[in-house]
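Student: Below is the structure I would like to discuss, written out as structure tokens.
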Amino acid sequence: MIIRVTPGRINDVAAALDKAKVRFREVKLLGEELIVTWPEDTVDEKLVRAVDAGAVIINIKTKYQLASRQWRQRSIVDVSGVKIGGGDLIVAAGPCAVESYEEVKETAEAVKAAGARLLRGGAFKPRTSPYSFQGLGVDGLKILRRVSDEVGLPVVSEVLDTRMVEVVASYVDMIQIGARNAQNFELIKEAGRTGKPILLKRGMGNTVEEWLQAAEYAMLEGNGNVVLCERGIRTFENATRFTLDLGAVVAAKKLTHLPVCVDPSHPAGKRDYVIPLALAAVAAGADMIIVEVHPRPWEALSDSEQQLTFDMFTELMSKAKAVAQAIGRGV
Ligand code: PEP
Ligand code: MN
């Protein structure tokens, strides 16, 4: 149950629930004062109405509540002025990993010229092998911040560890939680507490319901600026690196008010597969796509096979625009 209390009445409603031994959390979210009770508890609605005659009680049937569309139609996530979920398709682009200032600067200028609205780049890389390039760390964050300011594209970058959340949040406009940390709840809570927008990837072995419950962790910390990101799941299929689950995008759009992003790069695994997957994501209703682009992908220190060249990214943008317009959306 979500209780939308009259402003100023939250303490009175909380006291009444306490007395009745109801488990709940007080949350200030998206400009509203809310009380969220534990989904399995039954709450006597009269108890709430007796305290706050204006309270709106919303009975929610799903395990995730704040992420549910049962109390809110849609949310727009504002990343330093770029609005995700507002109808226009937002494209984030940039290298898989920050390798040098020149690499990021050149890429940021090219993708911005082609129409990208956000810059991506990993400073902390979650690599399968400990012998692979692990990212430049804080030096990478400094490069991202500098390029972001110089080029005028807000930047999204991944955090791997609770100890680094504050540092990452101080450099970026949006914090990415990667697929490998999709159920690292302490990390998600810590990122939630920063108040910064969060790009929350779906774990490669997670159901949509688990993905939305992960978002719930950030939202219970009072952070409603969560964008969900589908990036492919593990199946028996190995023609692509992961199986891009566009059904999950369609389902998420129906089940939650949060904007939904698609990363076509990591499921593709091969550069030639990225553009068609991106276009399919746009057609399926994604609010945002995030794509890996590198000045010379074949020289990239990570994910060299799937990163797009500048020319390919320009082609993607013009085709994505056409698909978006065909379904009544702008870019
Ligand atoms: C990334 O976007 O850099 C990344 C590592 O993605 P994922 O967590 O989806 O594998
Ligand atoms: Mn990558």
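Student: Could you list the residues of the stretch 99-124 with an amide nitrogen less than 17 Å from a label point located 7 Å from the Cα of Arg329 in the Cα-to-C-beta direction?
Tutor: 115-118
Student: Moving to a separate point now. Could you state the angle between the C-alpha long axis of helix 138-151 and the longest principal axis of the C-alpha atoms of the chain, as a value from 0 to 90 degrees rounded to the nearest 10?
Tutor: With both axes taken from Cα atoms, the answer is about 80 degrees.
Student: Starting from one equal scatterer on each C-alpha and no solvent at all, send me the Debye-based log10 I(q)/I(0) for the chain at q = 0.08, 0.10 Å⁻¹, two decimals.
Tutor: -0.38, -0.57
Student: How much net charge surrounds Asp52 when only the other residues with a Cβ under 15 Å from the Cβ of Asp52 are counted, with Lys and Arg +1 and Asp and Glu -1? The partial results should precede the final answer.
Tutor: On the way: positive: Arg4, Arg9, Lys19, Lys46, Arg49; negative: Asp12, Asp18, Glu26, Glu32, Glu33, Asp44, Glu45.
Net charge in that neighbourhood comes out at -2.
Student: Now for a different question. Once phi is turned into θ = phi - 60°, what whole-Hz ³J(HN,Hα) does the Karplus curve with 6.51, -1.76 and 1.60 give for every residue of the stretch 100-105, x standing for Gly and Pro?
Tutor: Values, residue by residue: 7, 4, 4, 4, 6, 5 Hz.
Student: Scan the stretch 209-314 for chymotrypsin sites (Phe, Trp or Tyr not before Pro) in coil per DSSP, keeping those whose Cβ has at most 16 other Cβ atoms within 10 Å, and list them by number.
Tutor: Numbers: sites: Trp211, Tyr217, Phe236, Phe242, Tyr273, Trp298, Phe310, Phe313; in loops: Phe236, Phe242.
Hits after loop and neighbour filter: Phe236.
Student: Are there GluC sites (Glu not before Pro) in the stretch 1-89 that DSSP puts in a loop and that have at most 15 other Cβ atoms within 10 Å, and which ones?
Tutor: Working: sites: Glu26, Glu32, Glu33, Glu40, Glu45; in loops: Glu40.
The qualifying sites are Glu40.
Student: Would you mind checking the tilt of helix 208-220 against the longest principal axis of the Cα atoms of the chain, expressed as 0 to 90 degrees and rounded to 10?
Tutor: Tilt relative to the chain: about 70 degrees.
Student: Over the chain, with the other protein chains present, what is the accessible area per residue in square angstrom, probe 1.4 angstrom? Walk me through the numbers on the way to the answer.
Tutor: Values: 13680 Å² over 331 residues.
I get 41 Å² per residue for the chain.
Student: Still on this structure: Give the lysines reachable from Lys201 as a straight Cα distance under 22 Å; neighbours fewer than 8 places away on the same chain don't count.
Tutor: Lys63, Lys83, Lys125, Lys189, Lys253, Lys254, Lys270
Student: Which order do Asp41, Asp78 take when ranked by solvent-accessible area (1.4 Å probe, heavy atoms of all protein chains), largest first? Mind showing how you got there, number by number?
Tutor: Working: Asp41 45, Asp78 65 Å².
The ordering from most to least exposed comes out as Asp78, Asp41.
Student: Still on this model: Round to the nearest 10 and give me the degree value, 0 to 90, for the angle of helix 246-255's Cα axis relative to the longest principal axis of the chain.
Tutor: Roughly 30 degrees, rounded to the nearest 10.
Student: Once the whole set of protein chains is in place, how much accessible area is left on Leu228, using a 1.4 Å probe, in Å² to the nearest 10?
Tutor: 0 Å²
Student: Further question: In the P(r) worked out for the stretch 163-270, what percent of Cα pairs fall beyond 16 Å? The partial results should precede the final answer.
Tutor: Numbers: 3162 of 5778 pairs.
Roughly 55 percent, rounded to a whole number.
Student: Might you report the magnitude of the Cβ-based charge dipole of the chain about its Cα centre, with Lys and Arg at +1 and Asp and Glu at -1, to the nearest 20 debye? Present the calculation step by step, with values, prior to reporting the outcome.
Tutor: Values: 42 positive and 42 negative charges, 148 e Å.
For the chain, the charge dipole is close to 720 debye.
Student: Nearest 500 deg cm²/dmol is fine: what mean residue ellipticity at 222 nm does the chain get from its DSSP H runs of n ≥ 4 alone, each adding -39,500 (n - 2.57), divided by its residue count? Let's see the in-between values first.
Tutor: Numbers: 11 runs with 118 residues, N = 331.
About -10500 deg cm²/dmol.
Student: Next question, about the same structure. Which residues in the stretch 44-77 have a backbone N closer than 20 Å to a point placed 7 Å from the Cα of Leu30 along the Cα-to-Cβ line?
Tutor: Answer for this model: 55-77.
Student: Provide the FRET efficiency to the nearest 0.05 for the Thr62-Ser318 pair, computing r from the beta carbons and using R0 = 51 Å.
Tutor: Values: r = 39 Å, r/R0 = 0.77.
Efficiency, from the Cβ-Cβ distance: 0.85.
Student: Over the chain, what percent of the accessible surface lies on carbon and sulfur atoms, probe 1.4 Å? Present the calculation step by step, with values, prior to reporting the outcome.
Tutor: Numbers: 6850 of 13680 Å².
On the chain, the fraction of accessible area on carbon and sulfur atoms equals 50 percent.
Student: Using 7 Å Cα-to-Cβ label points, what is the Ser80/Ser100 separation (nm, one decimal)?
Tutor: Label at Ser80, label at Ser100, 2.4 nm between them.
Student: Hey, another quick one. Gln73 versus Ala20, label points 7 Å from Cα toward the beta carbon: distance in nm?
Tutor: The modelled label-to-label distance comes out at 3.0 nm.
Student: Normalised by the residues of the chain, what does the relative contact order come to in percent, with Cα pairs under 8 Å and at least six apart? Please report the intermediate quantities before stating the final value.
Tutor: Numbers: 737 pairs, mean separation 56.5, N = 331.
Contact order relative to length: 17 percent.
Student: Suppose we keep just the DSSP beta bridges with both residues in the chain; what percent of those would be antiparallel, to 5?
Tutor: The answer is about 40 percent antiparallel.
Student: Further question on the same structure: Could you work out how far apart the two model spin labels at Arg193 and Ser304 are, taking each label as a point 7 Å from the Cα in the direction of the beta carbon, and quote it in nm?
Tutor: 4.1 nm
Student: If R₀ is 35 angstrom, what is the calculated FRET efficiency for the pair Glu45 and Thr243, using the beta carbon separation as r and rounding to 0.05? Before the final figure, lay out each step's value.
Tutor: Working: r = 44 Å, r/R0 = 1.24.
The formula returns an efficiency of 0.20 here.
Student: Moving on to the next point. At what distance in angstrom do the alpha carbon centres of the stretch 279-312 and the stretch 157-231 lie from each other?
Tutor: Taking the Cα centre of the stretch 157-231 as reference, the centre of the stretch 279-312 is 22 Å away.
The values are calculated or read from the model by the stated rules, or taken from the named source; none is laboratory data. Keep in mind that what you see is a predicted model, and the values were worked out from it rather than measured. No Cβ is skipped: glycine too gets one built from the backbone with ideal geometry, and neighbour counts run over all protein chains shown. These area figures cover heavy atoms from the full protein model, side chains too; ligands, DNA and RNA do not enter into them. Shrake-Rupley method; radii C 1.70, N 1.55, O 1.52, S 1.80 Å.
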